[in-house]
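Asker: Input: one structure, supplied below.
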Amino acid sequence: MISSHPIPGNEEAIYKTINRLIRRGAEVISEATSAVHVSGHASSEEMKLLLNLVRPKYFMPIHGELHQLRRHASLGRQVGVPEENIIVVENGQVVELSNGKIQLGERMPGGYVFVEGESVGEIDLEIMREREQLARSGIVLVTVPLDKYSGRLIKDPEVITRGFISPEDADSVVPLVRKKVVDLVNSNGFDDEKAITDVIRGLLKSETGRRPWVFVAVTKA
């Protein structure tokens, strides 16, 4: 019997586990088919009972979203905790208790701490956003080899895609990208990586409807 709701993000692993159990002959009863779910959290009346038993002088709700914290604070007021002794805070907020009074202090900067293998806090949110975008859209790498004296192409540009399109689609899209780069360099003498990148992005958007990350490297020899 699996009585809990799946934690968001764990659904696939849970359903795979259920399928394995069924294959082994088990009868699986879950909240998806039967009313077996019960909350692991206290009800409002149970929280008021706890407040009545403890009778705190100061009350600071913790654990939950802001709307849940404020709702919890209202339960404290209902059981008689003075308004001035109830405080609701968010992450990074300093709480000061001085001379019998509780108040908010300065807010300390804070954020996510990412753990990757043995690395703790060495990557930041910007890197994680880049990885999310790479996962959603893929990447296109274009190398443009130029003669350093004439500025002309030494050979055809190299185009590599990863996580963007299937090999079958690449057979039609990659030649278009290569031709566009050749036309740009030969007709306009483009050697500006950003200018080429912008043109390729526009081409890929019009041809595929998608916006992969595009990186252009101009090499001169």
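The values are calculated or read from the model by the stated rules, or taken from the named source; none is laboratory data. Note that the coordinates shown come from a computational prediction; the quantities given were computed from them, not determined experimentally. As a convention, Cβ positions derive from the backbone with ideal geometry for all residues, glycine included, and neighbour counts pool all protein chains shown.
Asker: Kindly provide the set of residues from region 78-122 that are β-branched (Val, Ile, Thr) and in contact with a Gly (Cβ under 7 Å, 6 or more places away or on another chain), ordered by number.
Answerer: Matches in region 78-122: Ile86, Val94, Val95, Val113.
Asker: Are any residues in region 130-159 assigned to a strand (DSSP E or B) and more than 30 Å from the chain's Cα centre (by Cα), and if so, which ones?
Answerer: Thr143, Val144, Pro145, Leu146, Leu153, Glu158
Asker: Could I ask something else about it? Could you count how many residues in region 99-117 are in a strand (DSSP E or B), modelled with pLDDT of 85 or more and within 20 Å of the chain's Cα centre (by Cα)?
Answerer: 1
Asker: May I ask you to say which residue of Ser119, Ser74 is surrounded by fewer than 10 Cβ atoms within 10 Å (Cβ to Cβ), free of Cβ contacts under 8 Å to residues at least 24 places away in the same chain and not assigned by TED's automatic domain parsing to the domain that holds Pro6? Steps first, please.
Answerer: Values: Ser74 fails: surrounded by fewer than 10 Cβ atoms within 10 Å (Cβ to Cβ).
Only one candidate passes the filter, namely Ser119.
Asker: How many residues does region 6-16 contain that are exposed (fewer than 13 other Cβ atoms within 10 Å of the Cβ) and under 30 Å from Leu69 (Cα atoms)?
Answerer: Counting residues in region 6-16 that are exposed (fewer than 13 other Cβ atoms within 10 Å of the Cβ) and under 30 Å from Leu69 (Cα atoms) gives 5.
Asker: Is it fair to say Gly80 is modelled with pLDDT of 90 or more, assigned to a loop (DSSP other than H, G, I, E, B) and either surrounded by fewer than 10 Cβ atoms within 10 Å (Cβ to Cβ) or not assigned by TED's automatic domain parsing to the domain that holds His5 (or both)?
Answerer: Yes: the conditions hold for Gly80.
Asker: I would also like to ask the following. Which residues, taken from region 170-181, are over 18 Å from Lys148 (Cβ atoms) and either touching a residue at least 40 places away in the same chain (Cβ under 8 Å) or in contact with a strand residue (DSSP E or B) (Cβ under 9 Å, 6 or more places away or on another chain) (or both)?
Answerer: Quick first cut of region 170-181, residues over 18 Å from Lys148 (Cβ atoms) only: 170-180.
Answer for region 170-181, where residues must be over 18 Å from Lys148 (Cβ atoms) and either touching a residue at least 40 places away in the same chain (Cβ under 8 Å) or in contact with a strand residue (DSSP E or B) (Cβ under 9 Å, 6 or more places away or on another chain) (or both): Ala170, Val173, Val174, Pro175, Val177, Arg178.
Asker: Right, next: Is it the case that region 17-27 has a residue that's surrounded by 12 or more Cβ atoms within 10 Å (Cβ to Cβ), aliphatic (A, V, I, L, M), touching a residue at least 24 places away in the same chain (Cβ under 8 Å) and on the phi < 0 side of the Ramachandran plot?
Answerer: Among the residues of region 17-27, not one is surrounded by 12 or more Cβ atoms within 10 Å (Cβ to Cβ), aliphatic (A, V, I, L, M), touching a residue at least 24 places away in the same chain (Cβ under 8 Å) and on the phi < 0 side of the Ramachandran plot, which makes the answer no.
Asker: Of all residues in region 30-70, count the ones that are modelled with pLDDT under 85 and within 24 Å of Asn91 (Cα to Cα).
Answerer: Final tally of qualifying residues: 2.
Asker: Return the pair list, or none, for Cβ contacts closer than 6 Å from residues in region 198-221 that are loosely packed, with under 12 Cβ neighbours inside 10 Å to residues that are modelled with pLDDT of 90 or more, at least 6 apart or on different chains.
Answerer: Pairs that qualify, where the first residue is loosely packed, with under 12 Cβ neighbours inside 10 Å and the partner is modelled with pLDDT of 90 or more, are Thr219/Pro145.
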